[in-house]
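These notes are about the structure you will find just below.
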Amino acid sequence: MEQVDGRVVVVGGGVMGSVLVGAIRAAGFEPDDVVVVEPHPDKARVLATTLGVSIAPDVPGAVPGAQVVLLAVKPAVVPGVLTELAGRLDPSTLVVSVAAGVPLIAYEQALPVGTPVVRVMPNTPAVVGKGAAAISAGSAATEEHLSLTERLLAATGLVVRVPEADLGAVTAISGSGPAYAFYLIDAMAEAGVLLGLTRDLAVRLAVATVEGAGALAARTQESPTALREQVSSPGGTTVAAVAELDAHGVRAGVVAAARAAHQRSVALGRPS
């Protein structure tokens with residue numbers, strides 16, 4: 001693993017912040033070069049022990065001299081954090097945020113002119129290294145800043161670049177998408193129980209099936225439609241099952257769910 005020079009400050013020691021610390025370490029940053037800002041003493045002690053990095057009680061004392069400041073806080077907390085950052089950032093410090101719904105313009109208006117900002121839409125499977133994250137560059141972010149962000153996030157899973165205008169759609173598909181998959185797993189398991197399986201076995205089979213289908217789709221050049229057709233023998237069980245899914249509007253329901261998530265994401269991103 002190549003060692004990387006510089007210091008990264010992660011503001012927020014929650015689940016996503018902890019995952020990002022692991023990814024940053026995997027990117028080549030040494031423990032002494034990673035600082036987590038966590039104001040709660042008990043939580044800070046746990047983080048220091050489990051993550052092996054430095055802990056700071058507040059933003060002002062942590063950010064001066066940082067190469068990257070990564071915001072892993074709830075959207076409602078972002079304005080206060082930006083106020084604390086504004087007078088203490090070096091001009092070249094890259095600000096990366098995983099806060100949902102906060103647009104790039106909000107960061108650029110609050111921070112010194114020319115501050116490079118990259119916005120990230122991650123999802124929860126990042127916890128097991130199987131996430132899908134989309135990144136969007138602010139007006140001062142360069143190719144170098146995007147490449148560094150990709151490197152910091154690489155250990156969390158897939159990382160793609162999109163214009164900020166597409167982040168609402170990304171939120172609808174990959175941001176909220178794990179919930180759709182969990183919904184399907186739960187429905188499949190419930191069906192297994194109704195057909196006589198124990199709940200434990202039904203859940204295990206449903207999880208393994210969805211995991212395996214996703215892995216197969218990721219490793220082949222075939223389209224999802226072609227993969228589905230390979231399982232669908234004429235007049236067979238799968239054809240009968242898919243016909244029922246269509247009859248009950250499952251495809252239309254997924255599309256409607258994604259549209260609702262997209263509309264909500266756009267609404268949350270509007271200035272209050």
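Side notes on the structure shown:
- Taking amide H as placed 1.01 Å from N in the peptide plane, the amide H of ALA56 sits under 5 Å from that of VAL36, VAL37, GLU38, each at least 5 places away or on another chain.
- The stretch 1-108 - Rg over Rh from alpha carbon coordinates, Kirkwood radius: 0.94
- Relative contact order (percent, whole number), the chain, Cα cutoff 8 Å, 6+ residue spacing: 14
- DSSP beta bridges in the chain [antiparallel fraction, %, rounded to 5]: 15
- Fluctuation leader among GLU143, GLU164, GLU222 - the chain, Gaussian network, Cα springs under 10 angstrom: GLU222
- Within the listed set ARG259, ARG88, ARG199, the residue fluctuating most in the Gaussian network model of the chain (springs between alpha-carbon atoms under 10 angstrom) is ARG199.
- Its DSSP H runs of at least 4 residues, each contributing -39,500 (n - 2.57), put the calculated 222 nm mean residue ellipticity of the chain at -15500 deg cm²/dmol, to the nearest 500.
- The chain: angle of helix 237-247 to the longest principal axis, Cα-based, in degrees nearest 10: 70
- Projected label distance in nm at SER139 and SER54, using a 7 Å step from Cα toward the beta-carbon: 3.4
- Sorted from longest to shortest, the spans of the Cα atoms of the chain along the three principal axes equal 68, 38, 34 Å.
- Helix axis angle, 199-219 relative to the chain longest principal axis, alpha carbon, degrees: 70
- Our estimate of slack between THR198 and ALA247, defined as 0.36 nm per intervening residue step minus the Cα-Cα distance, is 14.9 nm.
- Accessible area of the stretch 173-272 belonging to carbon and sulfur atoms, whole % at 1.4 Å probe: 63
- Carbon + sulfur, % of accessible area of the stretch 131-171 - ligands and nucleic acids excluded, 1.4 Å: 59
- Magnitude of the charge dipole for the chain, about its Cα centre and with charges confined to Cβ atoms of Lys, Arg (+1) and Asp, Glu (-1), is about 500 debye.
- Top of ARG204, ARG161, ARG25 by mean-square fluctuation, Gaussian network on the chain, Cα under 10 Å: ARG204
- Average Cα contact separation per residue, the stretch 75-157, under 8 Å, 6 or more apart, as relative contact order %: 26
The values are calculated or read from the model by the stated rules, or taken from the named source; none is laboratory data. Note that the coordinates shown come from a computational prediction; the quantities given were computed from them, not determined experimentally. Every residue, glycine among them, receives a Cβ derived from its backbone with ideal geometry; neighbour counts consider all protein chains shown. These area figures cover heavy atoms from the full protein model, side chains too; ligands, DNA and RNA do not enter into them. Shrake-Rupley method; radii C 1.70, N 1.55, O 1.52, S 1.80 Å.
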